[in-house]
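Novice: Dropping a structure here in C-alpha cells format, bear with me for questions.
Where a number appears in this text, it was derived from the coordinates with a stated rule and is not lab data. Quantities reported herein were computed from a predicted structural model and do not represent experimental measurements. Methodologically, a virtual Cβ is constructed for each residue, glycine included, from the backbone with ideal geometry; neighbour enumeration extends over all protein chains shown.
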C-alpha cells in the first residue's frame with residue numbers, strides 16, 4: 001500500500017486541480033485525448049532550467065548528452081540554453097546539425113566510429129572528437145593523409161574507478177569496451193601518440209565512469225584520477241563525462257547538478273588545475289521533466305498471485321526495466337491525490353513475458369479499463385531507446401509550456417512501418 005504519488009517525482013511545473021494533473025499549464029488528461037497514448041509529456045521550462053543550471057555550474061564546457069533524449073526540438077533547446085551537444089553516432093550528429101546547431105558546438109563520442117562518421121565530422125568541422133581506440137587514431141591519420149583535418153580531440157581514458165551502478169552502465173573500470181586504460185599504460189601511449197601526430201590537435205582528457213551514479217564520492221575519485229593522469233601532459237580541457245543519477249522511485253534522492261559541479265571543482269582547486277573542467281549531463285537534464293501516459297487495456301487478477309495491468313505501450317517505449325531491472329512509480333493523473341492501496345504489475349502489449357514496465361506498482365482500488373495511467377521520471381532513455389518491436393508504433397512527444405502543448409515528435413503511422421521496405 002502507498003500514499004499519493006510523491007510530488008517531487010513529478011515535473012517541476014506540475015499543478016493539481018480537483019485531483020487532475022497539469023504540466024506546464026496543460027491538463028494531462030486532455031493531452032491524452034488530443035494526442036493519444038502512449039504519450040511522452042515534457043515540462044519544457046524544467047528542461048531549460050536544468051540546462052541553465054548546468055551552464056552556470058560548469059560554464060561553456062558543459063555538453064548535453066543527446067543519447068538520453070534527442071529530437072530536433074531538444075537539440076535546438078539545449079543549444080539555445082548555451083550547452084554543447086554530445087553526440088555518439090552519425091545519426092545523432094545529423095539530427096543536431098539539422099536542428100541548426102553549429103558543428104563547432106558538437107562533441108563526437110563512440111567506441112567504434114566508422115570512417116563515414118569521422119569523415120562527416122571532419123568535413124562539418126565538429127568541435128571535439130573523443131578518441132576511443134588505437135584503431136581510431138589510425139583512421140584519423142588515414143583521413144588526414146587524404147586532406148581532412150586535423151581533428152581537435154579529447155583522449156578517452158579508463159581511470160579504473162568503480163561507479164557503484166548496474167554492470168551494463170558502468171564504464172570507468174578496466175574491463176570495459178570504452179577508452180584507453182590507465183593501469184596498462186595504454187592511455188599514456190595514446191596521448192603521446194596523438195600529441196605527436198599531425199592528424200590531430202589534443203585538447204584534453206575525457207573519462208566517464210558510468211550512468212545513474214548517486215555517489216559524489218565516485219565522481220571525486222574519478223576526477224582525482226583524471227587530474228593525476230593529465231598532470232603528465234600540458235592540456236587545456238579535462239572532462240568528467242556524465243552519469244549523474246536521478247530519483248525514480250519514492251525514497252531515492254540524488255544530488256543536483258550544482259552539487260555535482262561543486263564536488264568536481266573542489267578537486268580541481270585542491271590540485272591547482274587551470275584547465276577547463278567539462279561535463280556531459282543527460283539524464284539529469286531531462287529525466288525528471290517528463291511523464292509517460294498510457295491507457296489501461298486489461299486488468300487480469302490472479303488470486304493469490306498478482307494483478308496484471310496491461311497498457312498500450314511497454315518495452316518498446318521504455319526498455320529500461322527489461323534491460324536493467326529499473327524501478328518506476330505509477331499513478332493515475334486524474335486522481336493524483338488518491339491513496340494507492342492496490343499493488344499491481346504494469347505490463348505492456350508485447351509478446352514477451354518480460355515486457356514489464358513496473359514490477360510492483362501502486363494504484364487506487366477503483367482502477368478501471370480505459371483509465372489513463374502514468375509513469376513519472378521517463379524523460380531519459382525511454383523514447384531514445386525505444387523500438388518498433390512487434391511493429392508497435394512509436395509514441396508522440398509534446399513539450400508543454402505556458403499552457404501550450406507543442407508537438408515535437410509526431411506519432412508514427414502504420415505507413416511509417418513500411419516506409420523503408422523494398423518490394
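Novice: May I ask you to compute the full-extension gain from residue 262 to residue 353, defined as 0.36 nm times their residue separation minus their alpha-carbon distance, rounded to one decimal in nm?
Specialist: 28.3 nm
Novice: Using a Debye calculation, one point per C-alpha and no hydration shell, please list log10 I(q)/I(0) for the chain at q = 0.12 Å⁻¹ in order.
Specialist: These q points yield log10 I(q)/I(0) values of -0.98.
Novice: Within the P(r) computed for region 193-294, what percentage of the Cα pairs occupies the region above 22 Å? All intermediate terms of the calculation are to be shown ahead of the outcome.
Specialist: Details: 1957 of 5151 pairs.
For region 193-294, the share of Cα pairs beyond 22 Å comes to 38 percent.
Novice: On a C-alpha basis, how far is the centre of region 249-300 from the centre of region 378-415 in Å? Whole number, if you could?
Specialist: A separation of 22 Å, based on Cα centres.
Novice: Still on this structure: Restricting things to alpha carbons, find the Rg to Rh ratio for region 44-286 using the Kirkwood radius for Rh. Spell out each step's value before the answer.
Specialist: Values: Rg = 16.8 Å, Rh = 17.8 Å.
Ratio of gyration radius to Kirkwood radius: 0.94.
Novice: Okay, which of region 253-280 sit inside 18 Å, backbone N to the point 7 Å along the Cα-Cβ direction of residue 228?
Specialist: 264-273
Novice: Could I ask something else about it? For helix 186-196, report the angle its Cα long axis makes with the longest principal axis of the Cα atoms of the chain; keep it between 0 and 90° and round to the nearest 10°.
Specialist: 60
Novice: Separation between the residue 411 and residue 365 pseudo-spin-labels, each 7 Å from Cα along Cα→Cβ, expressed in nm?
Specialist: Here the answer is 3.4 nm between the modelled labels.
Novice: With a 10 Å Cβ neighbour count serving as the proxy for reagent exposure, in which order, fewest first, do 51, 351, 400 appear?
Specialist: 351, 51, 400
Novice: Starting with the highest mean, order 10-23, 278-291, 209-222 by the number of other Cβ atoms within 10 Å, averaged over the residues of each peptide.
Specialist: The packing order, highest mean first, is 278-291, 209-222, 10-23.
Novice: Over all directions, average the projected area of the Cα convex hull of region 1-98 and note it in nm².
Specialist: Result: a mean projected hull area of 8.6 nm².
Novice: Average the reciprocal distances over every distinct pair of alpha-carbons in region 300-423, invert the result, and give the Kirkwood radius in Å.
Specialist: 16.0
Novice: Mind checking the angle between helix 44-58 and the chain's longest principal axis? C-alpha axes, 0 to 90 degrees, to the nearest 10.
Specialist: 30
Novice: Quick one: 253, 37, 89, 274, fewest Cβ neighbours within 10 Å first, how do they rank?
Specialist: Ordered by Cβ neighbours within 10 Å, fewest first: 274, 253, 89, 37.
Novice: Per-residue ellipticity at 222 nm for the chain, helices alone: DSSP H runs ≥ 4 residues times -39500 (n - 2.57), over residue total, nearest 500 deg cm²/dmol?
Specialist: -8000 deg cm²/dmol
Novice: If you don't mind, there's one more thing I want to ask. Among 63, 223, 192, determine the one that fluctuates most according to a GNM of the chain built with springs between C-alpha atoms less than 10 Å apart.
Specialist: It is 192.
Novice: Could you grab the relative contact order for the chain? Cα pairs under 8 Å, six or more apart, rounded to a whole percent.
Specialist: Reported relative contact order: 21 percent.
Novice: Pull out the extension gain between residue 123 and residue 175, defined as 0.36 nm times the separation in residues minus the alpha carbon to alpha carbon distance; nm, one decimal. Walk me through the numbers on the way to the answer.
Specialist: Working: separation 52, 0.36 × 52 = 18.72 nm, distance 3.35 nm.
Result: 15.4 nm gained on full extension.
Novice: Right, here's the next one. Could you grab the relative contact order for region 44-286? Cα pairs under 8 Å, six or more apart, rounded to a whole percent.
Specialist: The normalised contact order for region 44-286 reaches 20 percent.
Novice: For each of 323, 293, count neighbouring Cβ atoms within 10 Å of the residue's Cβ, then give the residues from fewest to most.
Specialist: Listed from fewest to most nearby Cβ atoms, that is 323, 293.
Novice: Give me log10 I(q)/I(0) at q = 0.09, 0.18, 0.20 Å⁻¹ for region 232-364, Debye formula, one equal scatterer per alpha-carbon, no solvent.
Specialist: -0.42, -1.02, -1.19
Novice: Output the 0 to 90 degree angle, nearest 10, between the alpha-carbon long axis of helix 216-230 and the longest principal axis computed from the alpha carbons of the chain.
Specialist: Once rounded, one gets 20 degrees.
Novice: Find how much the distance from residue 145 to residue 33 grows on full extension, using 0.36 nm per residue of separation minus their present alpha carbon separation; answer in nm with one decimal.
Specialist: 34.6 nm
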